[in-house]
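Step one of this worksheet: look at the structure below.
The values are calculated or read from the model by the stated rules, or taken from the named source; none is laboratory data. Everything quoted here is computed from the prediction, not taken from an experiment. Here the Cβ is made from the backbone with ideal geometry for all residues, glycine too, and neighbour counts use every protein chain on show.
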Amino acid sequence: MTSTPADPAPIVACTISRDVQNFDLLIEDMETLLGEAWGDLGFDEALAFMTQPEAESLEFVAMAIDAIDEGEVAQLAHIIKGTKSHGIKVILIAEDVTPASLHQLLRTGADEFIPYPLPEGELAAAVERLRMPEPDPVADTGVPQNLPAKTKKLAEGGNGVLIAVQGLSGGCGATTLSVNLAYELATHVSGSKTPKVCLIDLGLQFGSVSTYLDLPRREAVFETLSDIESMDGDSFGQALVSFEDKIQVFTSPADILPLDIIGPAEVSKLLAVARSHFDYVVVDMPGSLVQWTETVLNDAQIFLAMVELDMRSAQNTLRLKRMLQSEELPFDKIRFALNRAPKFTDLQGKSRVKRMADSLGISLDLQLPDGGRAVMQACDHGLPLASHAAKNPLRKEILKLAEQLNAIGADDAEAA
């Protein structure tokens, strides 16, 4: 008597990668989660498989990519679109991939994103979310959920503290400081009042605040910038995007705009409206000096200039000092922040910091440590350091700065 072998279990998931052996943690998690009910596909064969009968049982695919695959973003996007067209969910797993590529692939239709190396239990959690039933298009209130989010009504009568952050060299960490300082100010409760914080990205061409917080860029931003003269609190509120209901963000526009689309008068009104509705307004300045930089410098209570311990930062600081002093602008108002400062035990590095400050005639009291790889990962994943790496040394220093600012604000409120 001969026995008939049992039919193999249907394939419910597949990995799609250049070489799945490069993602050993993914293999382990797939085996733990699905046993033998999964397969592996290369990029070239993925879409062809989706048309086969064996693919009818697929629930999801896990596309794993790394930096080498960035040159094939168009092909990867085509695979995601094709997979979604068959009603199959897509989990994107990426290692060392730039934010621009991630943004493009996520916009193509990927349902979930997980960084690699995979955090413990994150793949299982993502699959569980994918398997949850689709929400009813009409909520309990009877309002269709696909309607635009309701704009948060802004309270008036405030006199917010204006904090501007200007980078004096490319990649010095100005936007990272802006984003994380705004978040720490909003989440650090002083007394019984939770501060209301607005983060404004004035990098009209290449501003990346929205990327660092994984926020959409609203068309209302361009409309607001185009007609600031008629802007009021309601129209300003429509251009804001909320991050975790903690901070309100005025992102850079979706398209690249000339820096002179707004002038000093428009910037002054934008900041005035923001300050009238929030306790703190943090402005991420563009890398270039523009005609309205003077406006922000004069209006800001705190103007932070980010530098690093290198020759380009020193030369740019010297050039900025000469320019401001020649125009009789308040150079002394600028507070310099040294990013990637040497460690406490690095005596030689400390000596270099002192020589740099003395030679430029500035103070470098605010020194931020190197947060390492975790900082770049947090930015790529669209999370503040407090959420991604709460014990990171850079996060701790930014938290101390936020606590100092909140303490000063509380003293000023009591005095008033």
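Here LEU347 does not qualify as in contact with a helix residue (DSSP H, G or I) (Cβ under 8 Å, 6 or more places away or on another chain) and either in contact (Cβ under 8 Å) with a residue 40 or more places away in the chain or not small (Gly, Ala, Ser) (or both).
Those helices (runs of 4 or more DSSP H) of region 260-347 in which at least 1 residues are assigned by TED's automatic domain parsing to the domain that holds GLN404 and of a type in the set (Lys, Arg), considering only elements entirely within it, cover 264-277, 311-326.
Report, by residue number, each residue of region 367-380 that is surrounded by fewer than 18 Cβ atoms within 10 Å (Cβ to Cβ) and either modelled with pLDDT under 90 or in a strand (DSSP E or B) (or both). Break it down into steps so the answer makes sense when it comes.
Our first condition is that a residue be surrounded by fewer than 18 Cβ atoms within 10 Å (Cβ to Cβ); within region 367-380, this holds for 367, 370, 372-374, 376-377.
The one that is surrounded by fewer than 18 Cβ atoms within 10 Å (Cβ to Cβ) and either modelled with pLDDT under 90 or in a strand (DSSP E or B) (or both): GLN367.
Residue count for region 35-59 satisfying the condition of being surrounded by fewer than 16 Cβ atoms within 10 Å (Cβ to Cβ) and assigned to a helix (DSSP H, G or I): 5.
Scoring PRO253 on the criteria (1) assigned to a helix (DSSP H, G or I); (2) farther than 17 Å from GLY160 by Cα leaves a single failure, condition (1).
Pick out, from region 89-191, the strands (runs of 3 or more DSSP E) lying fully within it that include 2 or more residues that are assigned by TED's automatic domain parsing to the domain that holds LYS246 and either touching a Gly at 6+ places or on another chain (Cβ under 9 Å) or at pLDDT below 90 (or both). Don't jump to the end; show me each part of the working.
Details: elements: 89-95, 112-115, 161-167.
The strands (runs of 3 or more DSSP E) meeting that bar are 161-167.
Tell me, yes or no, whether region 60-75 has at least one residue that is in contact (Cβ under 8 Å) with a residue 40 or more places away in the chain, within 24 Å of the chain's Cα centre (by Cα) and outside any strand (DSSP E or B). The answer is yes; a qualifying residue exists.
Residues that are in a loop (DSSP other than H, G, I, E, B) and modelled with pLDDT of 90 or more were ranked within region 207-243; the one that is nearest to the chain's Cα centre (by Cα) is LEU213.
Could you check region 192-202 and list, in sequence order, the residues that are modelled with pLDDT of 90 or more and surrounded by fewer than 23 Cβ atoms within 10 Å (Cβ to Cβ)? Break it down into steps so the answer makes sense when it comes.
Just the residues of region 192-202 that are modelled with pLDDT of 90 or more, to begin with: 196-202.
Of everything in region 192-202, just one residue is modelled with pLDDT of 90 or more and surrounded by fewer than 23 Cβ atoms within 10 Å (Cβ to Cβ), namely LYS196.
None of ALA390, ALA337 is modelled with pLDDT under 95, surrounded by fewer than 17 Cβ atoms within 10 Å (Cβ to Cβ), under 31 Å from the mean Cα position of the chain (by Cα) and among the small types (Gly, Ala, Ser) except ALA390. The listed residues are LEU364, LEU383, and the only one of them that is within 16 Å of the chain's Cα centre (by Cα), assigned to a loop (DSSP other than H, G, I, E, B) and touching a residue at least 12 places away in the same chain (Cβ under 8 Å) turns out to be LEU383.
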